[in-house]
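Novice: Structure incoming, see below.
The values are calculated or read from the model by the stated rules, or taken from the named source; none is laboratory data. These numbers come from a predicted model, not from an experiment. Note that each Cβ is placed from the backbone with ideal geometry, even for glycine, and that neighbours are counted across all protein chains shown. Ligands, DNA and RNA are stripped out before the accessible areas are found, and what is left, the full protein with its side chains, is counted by its heavy atoms. Shrake-Rupley method; radii C 1.70, N 1.55, O 1.52, S 1.80 Å.
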Amino acid sequence: MTVLGIESSCDETAVAVVRDGDEVLSSVVYSQVPLHQPYGGVVPEVASRAHVQKIRAVAEEALVQAFPNDPDPWAKVDAIAATRGPGLAAALLVGWTFAKGLALALGKPLIPVNHMHAHLWSVRLGKPELRGADLWPQLGLAVSGGHSAFVDSPAPGTFRLLGQTIDDAAGEALDKAAKLLGLGYPGGPVVDRLARTVPPEARHAIRFPEGRVSADHPLPPGWSPELCVSFSGLKTALLTYVRKHPPQTETDVATICASYQEAVVDALVRRLSHALNAGAYRSIAVGGGVSLNSRLREALADLADKRGLTLLLAQPKYCGDNAAMIAGIASAGLAHPAPDALSQDVDPSLPI
Ligand code: KG4
Ligand code: ZN
């Protein structure tokens, strides 16, 4: 099955064509980062307007790249898939409405996709060798600027949220730290780069809180406090530290970044460890922009190695928001056409 997928949940306008789950025929991403940089974060109104301006050109580019020189490329597309949530309402609406228009005009099925499920599928893109591999039950971590979610996946296409952040996402925590240190936006890649200049023995030079969630914190049914995390205290701890010890040199800034990043990575890996103790898994799948982080990748490889599990990480180009993951999960048959899709609205808080 060949699917054209559309993603517009945040600040990337993306369209891709994927065949049978993992064969990426094209993946075009227009990143709006420069538009949001002056504000130090994503501005929904700016994002939505930029999606409107770019989506048609991005879609045409994805189609032409997938089927160069084909006189009738649309005939090769079996279905249209698009992110219906979670994300920013005004941003989601652009991609979802564009997808409705395409499906209606072309007479093709419309497949609503959950952005978080798609991040967990991103680990399969470009890896046909994993077809038929025994990877389930799978423990998933979707970690980005908007989410830090621990997900139990007993079988392909089935997802149960075990716990997540109760305030800031991991990427958001890194972005806020970078902003506070005057390192620009987005902060994750800069923090990662500076932290790499710090020798391993200095990575814990400053102790930041681990972000534990107390056992009596009210949580939705099915979430365990051990599998939830709170990153907002980390940001406050950084602010307090910087006020007391203003960094004087580049090394000071790098040491702060390394210690802070370590706290984020430790928090994520401890919870994965806890989930692995509680359930039997064959693999760990980690997707989302923060999965690009070099320390997180190291720590995950170490964890998977110790537990004898397969670690699945997305290729770098599929870690951040992209549409190949949307078309991918749909063309794998793990997201389904909804008969009433044309009358469905976006859902900014679509649950996992
Ligand atoms: O998945 P993504 O592109 O968009 C969201 O859905 O949020 O993730 C963006 C997030 C940002 O917070 C960014 O700082 C973070 O991913 N990020 C990183 C790295 N590269 C991007 N965080 C840590 N280390 C990196 N190398
Ligand atoms: Zn995302």
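Novice: I'm trying to understand the selection: among the residues of segment 15-52, which are polar (S, T, N, Q) and touching a Lys or Arg at 6+ places or on another chain (Cβ under 9 Å)?
Specialist: Answer for segment 15-52, where residues must be polar (S, T, N, Q) and touching a Lys or Arg at 6+ places or on another chain (Cβ under 9 Å): Ser27, Gln32.
Novice: Okay, next question. Got a sec? Which helices (runs of 4 or more DSSP H) wholly within segment 245-352 have at least 2 residues that are open to solvent by 10 Å² or more (accessible area, probe 1.4 Å) and either out of contact with any strand residue (DSSP E or B) (no Cβ under 7 Å at 6 or more places or on another chain) or within 30 Å of Leu92 (Cα to Cα) (or both)?
Specialist: Those helices (runs of 4 or more DSSP H) span 250-278, 294-307.
Novice: Sticking with this one: Given the options Arg131, Arg160, name the one that is in contact with a Lys or Arg (Cβ under 9 Å, 6 or more places away or on another chain) and surrounded by fewer than 21 Cβ atoms within 10 Å (Cβ to Cβ).
Specialist: Of the residues listed, the single one that is in contact with a Lys or Arg (Cβ under 9 Å, 6 or more places away or on another chain) and surrounded by fewer than 21 Cβ atoms within 10 Å (Cβ to Cβ) is Arg131.
Novice: Could you give me the residue pairs with C-beta distances under 8 Å whose first residue belongs to segment 288-312 and is away from ligand 1 (no atom under 13 Å from the Cβ), whose second residue is among the small types (Gly, Ala, Ser) and assigned to a helix (DSSP H, G or I) wherever it lies, and which are 6+ apart or on separate chains?
Specialist: Listed pairs, sorted by first residue: Leu303/Ser273; Thr310/Ala304; Leu311/Ala301; Leu311/Ala304.
Novice: Still on this structure, I have one more. I'd like to know if segment 188-200 contains one or more residues that are near ligand 1 (Cβ under 10 Å from one of its atoms), closer than 28 Å to Val43 by Cα and open to solvent by 30 Å² or more (accessible area, probe 1.4 Å).
Specialist: yes
Novice: Now for a separate question. When Leu219 is evaluated against the numbered criteria (1) of a type outside the set (Lys, Arg); (2) over 30 Å from Ala323 (Cβ atoms); (3) touching a helix residue (DSSP H, G or I) at 6+ places or on another chain (Cβ under 7 Å); (4) not in a loop (DSSP other than H, G, I, E, B), which criterion, by number, is the only one it fails?
Specialist: (4)
Novice: Taking segment 48-83 on its own, how many of its residues are open to solvent by less than 10 Å² (accessible area, probe 1.4 Å) and farther than 23 Å from Ile329 by Cβ?
Specialist: 1
Novice: Considering Gly145, Gly182, which residue is free of Cβ contacts under 8 Å to residues at least 12 places away in the same chain and either surrounded by 23 or more Cβ atoms within 10 Å (Cβ to Cβ) or under 20 Å from Ser259 (Cα atoms) (or both)?
Specialist: Result of the check over Gly145, Gly182: Gly182.
Novice: Condition check: at pLDDT below 95, within 15 Å of the chain's Cα centre (by Cα) and not aromatic (Phe, Trp, Tyr). Does Ile352 satisfy that?
Specialist: Criteria met by Ile352.
Novice: Looking at segment 171-179, is at least one residue open to solvent by 70 Å² or more (accessible area, probe 1.4 Å) and either on the phi > 0 side of the Ramachandran plot or outside the structural domain of Asp11 (by TED's automatic domain parsing) (or both)? Spell out the reasoning first.
Specialist: We begin by selecting, within segment 171-179, every residue open to solvent by 70 Å² or more (accessible area, probe 1.4 Å); these are 179.
Now drop any that are not either on the phi > 0 side of the Ramachandran plot or outside the structural domain of Asp11 (by TED's automatic domain parsing) (or both), which leaves 179.
Yes: segment 171-179 contains one or more residues that are open to solvent by 70 Å² or more (accessible area, probe 1.4 Å) and either on the phi > 0 side of the Ramachandran plot or outside the structural domain of Asp11 (by TED's automatic domain parsing) (or both).
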